[in-house]
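Just below is one structure, and these are the notes that go with it.
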Amino acid sequence: MTDIVETLIHELGRQAVLTGLEIGEKYSVDYTGDKPCMPLAVIRPASTEEVSRILNLCSQMDQKVVVQGGLSGLAGGATPQHNEIALSLERMSGIETIDPTSMTLTALAGTPLQAIQEAAEDVGLLFPLDLGARGSCNVGGNIATNAGGNQVIRFGMMRNLVLGLEAVLADGTVLTSMNTMLKNNAGYDLKQLFIGTEGTLGVITQAVLRLYPKLTSRSTALCALNDFPSAIKLLNQTQIGLGSSLSTFEAMWASYYDYVLDHIEALHSPFDERYPLYVLVESEGTDAERDQQLFEATLNAALDTGIIKDAVVAQSQKDMRLFWNIRDGIGEVTQYLIPYATFDISLPMGEMSEFLDRVHESLTAKFANTTKLVFGHIGDNNLHLVVTTGTSEDVKKIFDLIYRLTGAHKGSVSAEHGIGTQKLDYLHYSRSAEEIEVMQKLKNTLDPKGILNPGRVLP
Ligand SMILES: Cc1cc2nc3c(=O)[nH]c(=O)nc-3n(C[C@H](O)[C@H](O)[C@H](O)COP(=O)(O)OP(=O)(O)OC[C@H]3O[C@@H](n4cnc5c(N)ncnc54)[C@H](O)[C@@H]3O)c2cc1C
């Protein structure tokens, strides 16, 4: 056992430290499953004060630390690297307070997202962040990755939902910034240092979150369109027609839609014909009758002007589930696409169409056979692509090609999932040398010894 592990056991007690065979496989890798590596030890603090002591000791002893939340991350950030200690927030779980009057909730960083959603619902309120990993991801991880998910078009990303937080710096300094107010311009807004910085500047230990009134009505439709410009027009019309109740605008290109329907037997298309593009539109509100009328009127107007070629409005939970299952079918079909390169990128709206044309041309010119599925939360500028040639050696070449084009079209190589370790080589396509230099200066200032999540986000 190394000196640092013995010191940590001595300081925190045996129950807080896992070593050797006690360390389960789950601590060795995030959801990507890429390059698993057993950490030197897993330290599981039970309080902010313990996190502070751990980091202070690690800093003194130059021990590198990887921070772990629910390990549902998709960028390799929480996966240990050689000789790192894993600091897991799993024992720091629980809702501390809910204030229905000011509509805020305070939770420890290791609390699963679903527990937060349920606690808000229990008092008739809504915590609107939602994503497929809700049962396993933690609020600390959601903040560290500035998670997006299904309702960004309406409520924004995690950044918009955090009012205050507490974080521990690499040297053990506790920075308590538990603001509960919407307005607070007293100096720098220090919480922003920890939102979306993937654990490289501090360990988040608790947070104050913003809640919203619960939504009680939901209208859903699947629309068939002829082309991408029609999707942009539909987005504009639904934003104007439905206002802030527009909660989902998910595009699925035919490449995606047809592949999912051809590979998942339980699904069927509600349309008689196949179209080049489909959009899943949803609005949510608090008056079922009025909301449904407005929803249908908005879509009818788009049908009348030819923006939509055909549309099916869900008449039941079963219809709604079918539409969402088509959208979520990606989780089931990726097994047929291995080995593949998957992308979570964002692009200015005006660039998306040309970007996709250039991706298509470049892939066709370079590879004999490619399968490319395209879908995304286009209302948030977010495109997902899954591309395969069926050959493992091509995966890196596909990443290189598509990230280069993303940069050329002024896009971001990470819309939601972060840079982690997997996109280090591509950060420069989306951030200037000056931006990266300032990031590095911040990192050097807050973590001069480079012990916290080293090699994530920045080389
Ligand atoms: C099925 C599925 C669907 C998903 N859908 C979405 C989606 O729609 N939108 C989206 O944005 N993401 C999505 N993700 C990715 C993932 O769920 C999110 O990135 C999530 O926010 C990660 O939280 P986590 O607790 O699992 O973090 P982890 O995976 O444990 O860690 C992620 C990063 O945050 C750091 N970190 C974790 N906790 C802390 C902390 N307390 N303090 C400081 N740093 C910390 C880690 O070091 C690492 O760099 C999905 C993942 C899966 C598996």
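The values are calculated or read from the model by the stated rules, or taken from the named source; none is laboratory data. Small disclaimer: the values here were computed from a predicted structure and weren't measured. With ideal geometry, Cβ positions are generated from the backbone for all residues, glycine too; neighbour counts draw on all protein chains shown.
For the subset of the range 441-459 comprising residues that are of a type in the set (S, T, N, Q) and more than 16 Å from V203 (Cβ to Cβ), which member is surrounded by the most Cβ atoms within 10 Å (Cβ to Cβ)? Write out each step before concluding.
Restricting attention to the range 441-459, the residues satisfying the condition of being of a type in the set (S, T, N, Q) are 444-445, 453.
Those left that are additionally more than 16 Å from V203 (Cβ to Cβ): 444-445.
Numbers: N444: 12, T445: 10.
Here the residue is N444.
For the condition modelled with pLDDT of 95 or more, part of a helix (DSSP H, G or I) and out of contact with any strand residue (DSSP E or B) (no Cβ under 8 Å at 6 or more places or on another chain), what is the one hit in K410, K441, K449?
Criteria check complete, one pass: K441.
Quick test for you: out of G132, G149, pick the one residue that is modelled with pLDDT under 95, within 12 Å of the ligand (Cβ to nearest atom) and buried (at least 19 other Cβ atoms within 10 Å of the Cβ).
Selected residue: G149, the only one of G132, G149 that is modelled with pLDDT under 95, within 12 Å of the ligand (Cβ to nearest atom) and buried (at least 19 other Cβ atoms within 10 Å of the Cβ).
Can you name the number of the only condition in (1) touching a Pro at 6+ places or on another chain (Cβ under 8 Å); (2) buried (at least 17 other Cβ atoms within 10 Å of the Cβ) that D227 fails?
(2)
Restricting to the range 64-74, and then to whatever is of a type outside the set (A, V, I, L, M) and surrounded by 24 or more Cβ atoms within 10 Å (Cβ to Cβ), can you tell me which residue is farthest from the ligand (Cβ to nearest atom)? I'd like the intermediate steps shown before the answer.
Start the filter on the range 64-74 by keeping residues that are of a type outside the set (A, V, I, L, M), which leaves 64, 68-70, 72-73.
Now restrict to residues that are surrounded by 24 or more Cβ atoms within 10 Å (Cβ to Cβ): 68-70, 73.
Numbers: Q68: 5, G69: 3, G70: 3, G73: 3 Å.
Here the residue is Q68.
How do the pairs read when you match residues in the range 199-212 that are touching a residue at least 12 places away in the same chain (Cβ under 8 Å) and among the small types (G, A, S) with residues anywhere that are near the ligand (Cβ under 8 Å from one of its atoms) and not in a loop (DSSP other than H, G, I, E, B), using Cβ under 8 Å and keeping only pairs 6 or more apart or on different chains?
Close Cβ pairs satisfying both conditions: G199/V66; G199/V67; G199/A144; G202/A167; A207/V139; A207/G140; A207/I143.
I'm told E198 meets every condition in (1) in a loop (DSSP other than H, G, I, E, B); (2) of a type in the set (D, E); (3) away from the ligand (no atom under 11 Å from the Cβ) except one. Can you identify the failing condition by its number?
Against the list (1) in a loop (DSSP other than H, G, I, E, B); (2) of a type in the set (D, E); (3) away from the ligand (no atom under 11 Å from the Cβ), E198 comes up short only on (3).
Name the one entry in L57, L113, L105, L87 that is away from the ligand (no atom under 11 Å from the Cβ) and crowded, with 23+ Cβ neighbours inside 10 Å. If you could, list the steps in order and put the result at the bottom.
Details: L57 fails: crowded, with 23+ Cβ neighbours inside 10 Å; L113 fails: away from the ligand (no atom under 11 Å from the Cβ); L87 fails: away from the ligand (no atom under 11 Å from the Cβ).
The match here is L105.
If you scan the range 235-253, which residues turn out to be free of Cβ contacts under 8 Å to residues at least 24 places away in the same chain and of a type in the set (A, V, I, L, M, F, W, C)?
If the condition is that a residue be free of Cβ contacts under 8 Å to residues at least 24 places away in the same chain and of a type in the set (A, V, I, L, M, F, W, C), then I240 is the only one that fits.
Any residue in the range 147-169 that is free of Cβ contacts under 8 Å to residues at least 24 places away in the same chain, outside any strand (DSSP E or B) and more than 30 Å from L277 (Cα to Cα)?
No, that holds for no residue.
Please state which of the following conditions L222 fails to meet, knowing it meets all the rest: (1) away from the ligand (no atom under 12 Å from the Cβ); (2) of a type outside the set (S, T, Y); (3) in contact with a Ser or Thr (Cβ under 8 Å, 6 or more places away or on another chain).
Condition not satisfied by L222: (3).
Could you list all residues from the range 270-289 that are surrounded by 12 or more Cβ atoms within 10 Å (Cβ to Cβ) and without any contact (Cβ under 8 Å) to a residue 24 or more places away in the chain?
The answer is R274, and nothing else.
Could you tell me whether the range 75-83 includes any residue that is out of contact with any helix residue (DSSP H, G or I) (no Cβ under 6 Å at 6 or more places or on another chain), closer than 17 Å to L108 by Cβ and within 11 Å of the ligand (Cβ to nearest atom)? Give the steps one after another, and end with the answer.
Residues of the range 75-83 out of contact with any helix residue (DSSP H, G or I) (no Cβ under 6 Å at 6 or more places or on another chain): 75-83.
From what is left, the residues that are closer than 17 Å to L108 by Cβ are none.
So far as the range 75-83 goes, no, none of its residues is out of contact with any helix residue (DSSP H, G or I) (no Cβ under 6 Å at 6 or more places or on another chain), closer than 17 Å to L108 by Cβ and within 11 Å of the ligand (Cβ to nearest atom).
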